[in-house]
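Structure first, then comments.
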Ligand SMILES: Nc1ncnc2c1ncn2[C@@H]1O[C@H](COP(=O)(O)OP(=O)(O)O)[C@@H](O)[C@H]1O
Ligand SMILES: [Mg+2]
C-alpha cells in the first residue's frame with residue numbers, strides 16, 4: 001500500500017497573468033484515494049491536466065512508479081496507465097458509446113474489432129453495474145451515464161491511475177453515492193484514484209489522504225482520519241468558516257409573484273418549462289433546487305421577459321406581466337442577478353461608475369434635463385462601493401478587472417439599490433470565494449428580513465438549504481414538490497432532483 005505510483009515534484013505552470021501552479025509537490029500511493037481540495041481557481045485542474053498531458057509544466061518533474069516521464073499528450077498519459085475523467089466530458093454526442101470508446105485507437109495503430117470492443121464494454125459495464133448499452137448514442141444518455149462511459153473509456157484502456165475532476169458537480173447526492181461505490185470497488189482491485197472536489201462532506205467521506213491547494217500552492221497534505229471538516233475548510237480558505245448563517249424567524253408578507261402554469265421553450269426548440277406553478281411572498285426566500293439544465297435558467301429568463309412564455313402567466317402584485325418587455329418588468333420592481341455576470345449583468349469594458357448607474361442613469365438625480373451629472377453618478381457609485389465594501393482598483397477602471405466576488409457585490413448592490421419588490425438571483429455565489437459567498441448570502445437574508453421577495457435559483461443544495469424558507473425542486477421543467485425548510489431533508493430533495501417522487505416522499 002505504500003508504493004508511490006505518481007510523484008509530481010515542483011510543478012509550476014504559468015498562464016498569461018496567472019501562476020496557476022506554484023512549485024507543487026504531490027504524490028499518489030498505490031491503492032489510495034487521494035483528494036485534491038481547493039476553491040475555484042486554486043489550480044486543481046491545471047495540475048491534473050499536466051498529469052494527463054494536456055498542459056506541459058514550465059518547471060518540475062513527474063515520476064510514475066519511480067521512473068521519470070515526459071507526458072506530451074493524453075496518449076502518453078494512457079501509456080503510463082493514467083486515465084482522466086474531465087470536468088467537461090470529452091465525448092462525441094452523435095456517436096455511440098462503442099464509437100467513443102474506439103475513438104483514437106486507430107491513430108495509435110491499434111486494430112479495431114467492433115465486436116470485441118463491444119464485448120469488453122459489456123463486460124466492464126456488468127462488472128461495475130453500469131448498465132450501459134454499447135450501441136446507445138451519447139446524447140441519449142443522462143449525465144450520470146455519460147460519466148460512466150468516460151470511466152469505461154479509461155478502464156478499457158487499462159488505466160491503473162484514475163483522475164476524476166469534480167465528478168460530483170453534475171450528479172445528484174444519490175448518483176454521487178453510486179459513484180463512490182464504484183470508486184471503492186476500483187480501489188479494491190488495486191487501482192489508485194485522484195479525486196477532485198471542493199465539497200467538504202464528500203471529501204470527508206471518500207478520501208484516504210487530502211492535499212489542499214490554495215492560489216496555486218500546496219497548503220498541506222493530511223490523512224482524513226486526522227482532520228475535521230472545519231479544519232479542512234480553514235486550510236482551503238485560510239480562515240475560519242461558518243457552516244451556517246444566523247437566520248431571523250420568517251415574517252411572511254403578501255404574495256408578490258405568482259407563476260401559473262408557465263411554459264416556455266429552450267433555444268433548441270424543446271419545451272423547457274412544463275406548467276410551472278408557484279408563488280413567492282414578501283419577506284421570504286423561495287429557493288429552486290435542481291441539477292443544472294432542468295429549466296432553471298429558462299424560468300428566470302421567462303419571468304424577467306427575456307424569453308417568451310408560450311402558455312401560463314406571471315403575476316406581480318396582481319398585475320399581469322407575462323411577456324412584457326424586460327424593461328417594463330424591471331420598472332415594475334423585478335430585479336435580476338443573472339447567472340453569467342459578465343455577459344448579462346455587467347458591461348466588462350465600462351468602469352465601476354458606469355456599471356453602477358446602468359439602472360438609474362436616465363432619471364434624477366443622475367440625469368437632469370437630459371444631461372448625465374457625472375459627479376452625481378460617481379457619488380452614487382461610491383455609495384454602493386462603501387455600502388457593499390467593494391474592492392475596486394480605481395473607480396474608472398473597467399469592471400472586468402474586478403475579482404469575481406467584487407463584480408457580484410457590485411451587481412447585487414446595484415439591483416438592491418433599486419428597492420425591488422422581487423429579486424431573482426441565479427447562482428449568485430457560483431465561483432466566488434468563501435468570504436464573498438458569505439457576504440452575498442447574508443445580504444439576501446437581510447433583504448428578506450426587510451420584506452423583499454427573493455427567488456433564489458441555485459445548483460448548490462447547501463446554499464438552498466442554508467438560506468431558503470421554502471424550496472421548490474425542479475426536474476425536467478417541472479416543479480416536483482414545494483417543501484418548507486422545516487420539513488426539508490437532504491436525501492429526499494436529492495431524490496426529487498433526480499425525478500423520483502415516491503409516495504413516502
Ligand atoms: N487555459 C488557461 N488559460 C489561462 N488561464 C487559465 C487556464 N486554465 C486555468 N487558468 C487559470 O489558472 C488558475 C487555476 O485554474 P484551475 O486549475 O482551473 O483551477 P481549479 O481547477 O482549482 O478551479 C485560474 O486562475 C484560472 O483562471
Ligand atoms: Mg477545475
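The values are calculated or read from the model by the stated rules, or taken from the named source; none is laboratory data. Please read these numbers as outputs of a predicted model, since none were measured by experiment. With ideal geometry, Cβ positions are generated from the backbone for all residues, glycine too; neighbour counts draw on all protein chains shown.
Just to confirm my filter: which strands (runs of 3 or more DSSP E) fall fully inside segment 453-505 and include at least 3 residues that are assigned by TED's automatic domain parsing to the domain that holds residue 258 and more than 16 Å from residue 281 (Cβ to Cβ)? Break it down stepwise before answering.
Numbers: elements: 453-458, 470-475, 478-484.
Per the criteria, 470-475, 478-484.
Residue count for segment 64-83 under the criterion of being crowded, with 18+ Cβ neighbours inside 10 Å and either part of a strand (DSSP E or B) or on the phi > 0 side of the Ramachandran plot (or both): the result is 5.
Of all the listed residues (27, 61, 39), the sole one being assigned to a strand (DSSP E or B), under 19 Å from residue 214 (Cα atoms) and either within 16 Å of ligand 1 (Cβ to nearest atom) or in the same structural domain as residue 143 (by TED's automatic domain parsing) (or both) is 27.
Name the helices (runs of 4 or more DSSP H) wholly within segment 295-410 that hold at least 3 residues that are modelled with pLDDT under 95? Lay out the reasoning, then the answer.
On the way: elements: 296-303, 326-331, 352-356, 374-387.
Passing ranges, in order: 326-331, 352-356, 374-387.
A quick yes/no check of all residues on (1) free of Cβ contacts under 8 Å to residues at least 12 places away in the same chain; (2) loosely packed, with under 12 Cβ neighbours inside 10 Å; (3) farther than 19 Å from residue 391 by Cα:
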{"position": "322", "(1), (2), (3)": "no, no, yes"}
{"position": "329", "(1), (2), (3)": "no, no, yes"}
{"position": "339", "(1), (2), (3)": "no, no, yes"}
{"position": "355", "(1), (2), (3)": "no, no, no"}
{"position": "362", "(1), (2), (3)": "yes, yes, yes"}
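Residues of segment 109-129 include none that is more than 16 Å from ligand 2 (Cβ to nearest atom), in contact with a strand residue (DSSP E or B) (Cβ under 7 Å, 6 or more places away or on another chain) and not assigned by TED's automatic domain parsing to the domain that holds residue 499. Checking the stated criteria, residue 168 turns out not to satisfy the condition of being under 20 Å from the mean Cα position of the chain (by Cα), more than 16 Å from ligand 1 (Cβ to nearest atom), surrounded by 15 or more Cβ atoms within 10 Å (Cβ to Cβ) and closer than 30 Å to residue 433 by Cα.
Look at residue 101 and say whether it is away from ligand 2 (no atom under 16 Å from the Cβ), assigned to a loop (DSSP other than H, G, I, E, B) and within 30 Å of the chain's Cα centre (by Cα). Reasoning before the result, please.
Working: away from ligand 2 (no atom under 16 Å from the Cβ): yes; assigned to a loop (DSSP other than H, G, I, E, B): no; within 30 Å of the chain's Cα centre (by Cα): yes.
So residue 101 does not fit the description; no.
From 213, 162, which residue is away from ligand 2 (no atom under 16 Å from the Cβ) and surrounded by 20 or more Cβ atoms within 10 Å (Cβ to Cβ)?
Answer to the check: 162.
Would you mind stating whether residue 26 is touching a helix residue (DSSP H, G or I) at 6+ places or on another chain (Cβ under 9 Å) and either farther than 30 Å from residue 403 by Cα or away from ligand 2 (no atom under 16 Å from the Cβ) (or both)? No. Taking the numbered list (1) surrounded by fewer than 19 Cβ atoms within 10 Å (Cβ to Cβ); (2) modelled with pLDDT under 95; (3) at negative phi in turn, residue 104 passes all entries but (3).
Somewhere in segment 5-23, is a residue part of a loop (DSSP other than H, G, I, E, B) and touching a strand residue (DSSP E or B) at 6+ places or on another chain (Cβ under 9 Å)? So that I can check it myself, show each step before the final result.
So in segment 5-23, the residues part of a loop (DSSP other than H, G, I, E, B) come out as 16-17.
Remaining after also requiring touching a strand residue (DSSP E or B) at 6+ places or on another chain (Cβ under 9 Å): none.
Checking segment 5-23: not a single residue is part of a loop (DSSP other than H, G, I, E, B) and touching a strand residue (DSSP E or B) at 6+ places or on another chain (Cβ under 9 Å).
Determine whether segment 112-135 contains at least one residue that is touching a residue at least 40 places away in the same chain (Cβ under 8 Å), touching a helix residue (DSSP H, G or I) at 6+ places or on another chain (Cβ under 7 Å), assigned to a helix (DSSP H, G or I) and under 20 Å from residue 205 (Cβ atoms). Within segment 112-135, not a single residue is touching a residue at least 40 places away in the same chain (Cβ under 8 Å), touching a helix residue (DSSP H, G or I) at 6+ places or on another chain (Cβ under 7 Å), assigned to a helix (DSSP H, G or I) and under 20 Å from residue 205 (Cβ atoms).
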